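These notes concern the structure reproduced below.
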Amino acid sequence: MNAPLRVAVTGAAGNIGYSLLWRIASGNAFGADQPVILSLLEITPALSKLEGVVMELMDSAFPLVKGIEMTDDPEKAFADCDAIFLVGSRPRSAGMDRADLVAANGPIFVGQGKAINKAKKSVKVITVGNPCNTNCLIANHYANEIPDTQFTAMTRLDQNRAYGQLAGKLGVAASDIENVFIWGNHADTMYPDCSIATVNGEKITDKLGEDYLHGDFMKTVATRGGAIIKARGASSAASAASAAIDHMRDWHLGTNGRIVSMGIVSKGEYGVPAGLVYSMPVTCENGEWKVVEGLEISEFCQGKIQQNIEALEGEKAAVADILG
Ligand code: NAD
Ligand code: LMR
């Protein structure tokens, strides 16, 4: 058996946490033979609720779980961690944009970013709390002892939503589809790109026209979070947890050449200003992600890439005081 990985989850008593912890504990993120120590962070008033969650985790008797710790101190939570799921933050309610959360949630990622300096240098950080691209940018800014490559934001839920829509439209299983990915921000401006996607080896663009791919499809994927809030009265939780598992599993165990979406700290790829946290097509191998470069970019895609740059620069400007 491998030595246990130390895995932190923030907002562990929240809705996403309630689904995410059981999937991590089952081996879905790090492998069926990889033990974990769970390090759970909550705000002080939520510690008693977290105690109940920990009781249930113990009652699940997971063979891979070698320890469960809970705290309200980010430095303790992140010390020596191999992986961190930054979930803890407020969800939006009906009528709000995700960017409206930045004033409430942005400051959380200042203290937590500093505390991430206590983790291993190789720590894999996924930011789920919204607006996740900009929260990731804030955390990365303050975690100056950890390389930029270790900070990611979650656009996998958008990618999974795109797969779900296409599978329904084409009458196939999601597993028959490959290489759909998301550009930009986890916001309504995002672009689900099907230009190199296939279904059972055939190009999706030969089967579905631009009127659908740039119309209903794009709109449904981009606004799905709001549609779920309207229908359920609460923001997506089980699907968000599942996407966070997919993201971390692919990063940790590799994608075998498949292209997936991750918000990463740009180094200027595809003209995206360096430093912005921007969703790009990546492949993962040996615990590292790599941007898929050299893709042909249509005029439409270029316009969407630019629109997302502007949206993210706007969010960055809105947190200029937080970034100091
Ligand atoms: P929730 O309100 O059910 O749970 C959030 C938890 O975070 C609460 O238990 C709260 O006490 C805790 N928390 C708040 N501030 C904290 C802090 N400073 N440190 C540690 N914990 C803290 O919300 P949820 O449904 O679990 O959603 C969490 C976040 O994830 C929201 O911001 C939501 O918008 C976002 N989200 C993102 C995606 C995505 O695709 N990126 C998808 C779904 C939800
Ligand atoms: C989602 O996409 O479901 C989440 O980001 C929640 C939200 O506010 O839309």
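Every number here is computed from the coordinates shown, using simple stated rules; none is lab data. None of these values were measured; they are calculated from a predicted model. Heads up, the Cβs are rebuilt from the backbone with ideal geometry, glycines too, and the neighbour counts pull from every protein chain shown.
The alpha-carbon atoms of the stretch 5-153, seen along their principal axes, cover 40, 35, 25 angstrom, with the largest extent given first. Helical runs (DSSP H, four residues minimum) scored at -39500 (n - 2.57) apiece and divided by the length of the chain put the mean residue ellipticity at 222 nm at -11500 deg cm²/dmol.
Fully extending the segment from T255 to A173 would add 27.6 nm, taking 0.36 nm per residue of separation and subtracting the current Cα-Cα distance. Can you give me the C-alpha center-to-center distance between the stretch 107-159 and the stretch 7-57, rounded to a whole angstrom? So the separation of the two Cα centres works out to 18 Å. Using a simple spin-label model with pseudo-atoms 7 Å out from Cα toward Cβ, N286 and A94 lie 5.2 nm apart.
Sorted largest first, the principal axis extents computed over the alpha-carbon atoms of the chain equal 52, 44, 39 Å. About its Cα centre, the dipole of the stretch 179-324 is roughly 500 debye, where the only charges are +1 on Lys and Arg Cβ and -1 on Asp and Glu Cβ. Under the simplified labelling scheme, the E56-A227 pair shows an inter-label distance of 2.8 nm, with each label point 7 Å from Cα along Cα→Cβ. Between D80 and A104, the FRET efficiency estimated from the beta carbon spacing at R0 = 30 angstrom works out to 0.50. Taking amide hydrogens as placed 1.01 Å from N in the peptide plane, the amide H of I182 sits under 5 Å from those of D193, S261, each at least 5 positions away in sequence or on another chain.
3J(HN,Hα) along the stretch 278-288, derived from phi through the Karplus expression 6.51 cos²θ - 1.76 cosθ + 1.60 where θ = phi - 60°, amounts to 9, 6, 9, x, 9, 10, 10, 7, 6, x, 10 Hz, with x in place of Gly and Pro. Work out, in µm²/s and without decimals, the Stokes-Einstein translational diffusion coefficient of the stretch 206-281 at 37 °C, 0.692 mPa s, Rh from Kirkwood over C-alpha pairs. Translational diffusion coefficient: 217 µm²/s. Per-residue 3J(HN,Hα) values for the stretch 208-222, derived from phi via the Karplus relation 6.51 cos²θ - 1.76 cosθ + 1.60 with θ = phi - 60°, read 10, x, 4, 4, 7, 5, 9, x, 3, 4, 4, 5, 4, 5, 5 Hz in sequence order (x marks Gly and Pro).
Subtracting the Cα-Cα distance of N144 and M1 from 0.36 nm times their residue separation leaves 48.2 nm of extension gain.
Straight-line reach from K76: taking Cα to Cα under 27 Å and skipping same-chain neighbours fewer than 8 places apart, the lysines in range are K49, K66, K114, K118, K120, K121, K124.
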